[in-house]
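**Student:** Starting off with a structure, shown below.
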Amino acid sequence: MDKVNFLHEALIFLRSSPQSTAIDFFTNEIDHKEVKKTLQNLFYDRQDLLLPELNEPQVVRHYTKLSQKNFSIDTTSYPLGSCTMKYNPKINEWAARLPGLCSLHPLMPIEILQPALKICYEMQNWLSEIGGFIQTSLAPSAGAHGEFAGLAMIAKALKDRKEHRTKIMVPTSAHGTNPATAAFFGWEVLSVEINNDGRANLSQIESLMDDKCAGIMITNPNTLGIFESDLAKISHIIHNKGGYVYGDGANLNALLGICRPGDCGVDVMHFNLHKTFTTPHGGGGPGCGAIGASEKLYKYLPTPLIKQTNNFYEVIDNDKDSIGRIRSFFSNFGLLIRAWTYLQSLGPDGLKQVSQKAVLNANYIRHCLKDHYYLPFKSDCLHEVVLSDKWQQEHGVSALDISKRLIDYGIHPPTMYFPLIVKGALMIEPTETESLFDLDHLINAFIRVAQECKESPELVKSAPHTTALSRIDEVKAVRELRLSY
Ligand SMILES: *Cc1c(COP(=O)(O)O)cnc(C)c1O
């Protein structure tokens, strides 16, 4: 590497110069000797830490550059299906950073916490209204956590009825967390096949349902992005034989203001605030998998619940029927502020438009790409569309190659090889926040790559060509972690 390039690429450790500091204090407010002593104790005498010493612009540039090394929703569209990677409105961030909210501590006196409890209370109510439930608990920290809490509620209800049921149905089009949660719970998973139209097989559900079966866990829209239009019939079959319907509502982006799962007989369902309700996610957290419950199950909801009497908000923790606490304090509160702001800024009509536009965008993509990529299920889709690499396989090109090549066009790869029921799946979820311009860019890139698969498959198979590193051995990279500089 020549010297100019070397200096440009140099790591932060090489930029260090002794005694540089990136922190400024108000001189009249600070006892400098004390600060210096504290810092010395913490860092300066710890030569073994080898921390770089830098001034403020160096630190700012370092983190700004790091933030650009990855794809993010702030730099490109992010069509990962099943994840709802949508734009996170900046007004949410403003609200979450208001000093009066972000400096609260959950152990402060309840009088001081009133505004925060009001936000929790309204979120409980609004989610209940959106999902068609009696009551909602904000306690679960993720979708899968909500599933676990929901099954615990069903188990407690069955115990109260002195019944022992340890089997549960899960269609093959469910999200993987559904059978995983049921298995984690120690229940036997009864797999339900899907029809040619991508929907769960009603007659199989009817024949599997008996007095040893706790019910069904059903993802709607399912992982093919298809609406389970028989949901009310399915619920009827389950309820008639004393079972419960667990609804996976992680992908509620398609249903807001249009269909309420509670009205279709769902007894308990998780929402993913970190998907549908625009709170940022990725990298494992933080999340909120709030769960709403019907008349039959709401008394078992996890605590705490926020109740209001005479304009005073109280924290209810000692409900005897509840499955109890499943996490500390009141949910991931920062997320609740963001989701609350999102709902406030949209209102009921705006929320409905979100789903209409999300569904329209996905069907537009489906229509524009159906002659270029094989479409395994022909039904209209909701918020996402699943294609496959079947036609490209004829030229020896796989879904992985296609995804890598899309990076060269500035497009984040779609979800690949999921759902498992579609071989070589490419799953695209545009969300409502992408403009027609950006959708066309995405579509044109997919079409271009499909052409390249026919004309120059080697170009696609060796992609990406524009990144610092091309193909890496991903398995090896995960198994043999080696960090060095
Ligand atoms: C994301 C997702 C989940 C799991 O949610 P987590 O918050 O990641 O635990 C469950 N079901 C569906 C349909 C999902 O899309």
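The values are calculated or read from the model by the stated rules, or taken from the named source; none is laboratory data. All values derive from a computational prediction rather than experimental measurement. Cβ placement follows ideal geometry from the backbone for every residue including glycine, while neighbour counts extend to all protein chains displayed. Remember, those area values only see protein heavy atoms, side chains included, never the ligands or the DNA or RNA. Shrake-Rupley method; radii C 1.70, N 1.55, O 1.52, S 1.80 Å.
**Student:** It is to be established whether one or more residues within segment 5-12 are at pLDDT below 80, open to solvent by less than 80 Å² (accessible area, probe 1.4 Å) and more than 34 Å from the chain's Cα centre (by Cα).
**Tutor:** no
**Student:** Right, something else. Of (1) over 27 Å from LEU255 (Cβ atoms); (2) open to solvent by less than 20 Å² (accessible area, probe 1.4 Å); (3) in contact with a strand residue (DSSP E or B) (Cβ under 7 Å, 6 or more places away or on another chain), GLN114 satisfies all except one. Which?
**Tutor:** So the condition that GLN114 fails would be (2).
**Student:** Filtering segment 61-95 down to residues that are at pLDDT below 95 and hydrophobic (A, V, I, L, M, F, W, C), which residue is surrounded by the most Cβ atoms within 10 Å (Cβ to Cβ)?
**Tutor:** Looking at the filtered set, the residue picked out is MET85.
**Student:** Answer yes or no: is there a residue in segment 141-148 that is more than 15 Å from the ligand (Cβ to nearest atom), open to solvent by less than 50 Å² (accessible area, probe 1.4 Å) and assigned by TED's automatic domain parsing to the domain that holds PHE330.
**Tutor:** no
**Student:** Got a sec? Which helices (runs of 4 or more DSSP H) wholly within segment 159-259 have at least 1 residues that are in contact with a Cys (Cβ under 9 Å, 6 or more places away or on another chain) and within 16 Å of the ligand (Cβ to nearest atom)?
**Tutor:** 231-240
**Student:** OK, next. Which residue out of ILE428, ILE472, ILE421, ILE411 is of a type in the set (Val, Ile, Thr), in the same structural domain as GLU384 (by TED's automatic domain parsing) and more than 21 Å from ASN70 (Cα to Cα)?
**Tutor:** Just a single option satisfies the conditions, and that option is ILE421.
**Student:** Looking for something open to solvent by less than 10 Å² (accessible area, probe 1.4 Å) and farther than 27 Å from LEU273 by Cα - is there at least one such residue anywhere in segment 221-236?
**Tutor:** no
**Student:** State whether one or more residues within segment 280-302 are free of Cβ contacts under 8 Å to residues at least 60 places away in the same chain and more than 16 Å from the ligand (Cβ to nearest atom).
**Tutor:** Within segment 280-302, one or more residues are free of Cβ contacts under 8 Å to residues at least 60 places away in the same chain and more than 16 Å from the ligand (Cβ to nearest atom).
**Student:** Now for a different question. Can you find a residue in segment 138-146 that is out of contact with any strand residue (DSSP E or B) (no Cβ under 6 Å at 6 or more places or on another chain), modelled with pLDDT of 95 or more and assigned to a helix (DSSP H, G or I)?
**Tutor:** Among the residues of segment 138-146, at least one is out of contact with any strand residue (DSSP E or B) (no Cβ under 6 Å at 6 or more places or on another chain), modelled with pLDDT of 95 or more and assigned to a helix (DSSP H, G or I), which makes the answer yes.
For (1) under 19 Å from PRO419 (Cα atoms); (2) out of contact with any Cys (no Cβ under 6 Å at 6 or more places or on another chain), each residue gets a yes or a no:
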position: GLN344; (1), (2): no, yes
position: VAL354; (1), (2): no, yes
position: ARG366; (1), (2): yes, no
position: PRO376; (1), (2): yes, yes
position: GLU384; (1), (2): yes, yes
position: ALA399; (1), (2): yes, yes
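**Student:** Something else about it: Please go through segment 262-279 and give me each residue that is more than 11 Å from the ligand (Cβ to nearest atom) and in a strand (DSSP E or B), ordered by number.
**Tutor:** Correct list: VAL268 only.
**Student:** Identify, by number, the condition in (1) part of a loop (DSSP other than H, G, I, E, B); (2) acidic (Asp, Glu); (3) closer than 30 Å to LYS357 by Cα that GLU111 doesn't meet.
**Tutor:** It is condition (3) that GLU111 fails.
**Student:** Helices (runs of 4 or more DSSP H) wholly in segment 411-483 with at least 1 residues that are among the β-branched types (Val, Ile, Thr), under 16 Å from LYS370 (Cα atoms) and touching a residue at least 24 places away in the same chain (Cβ under 8 Å) - which ones?
**Tutor:** So the answer is 436-455.
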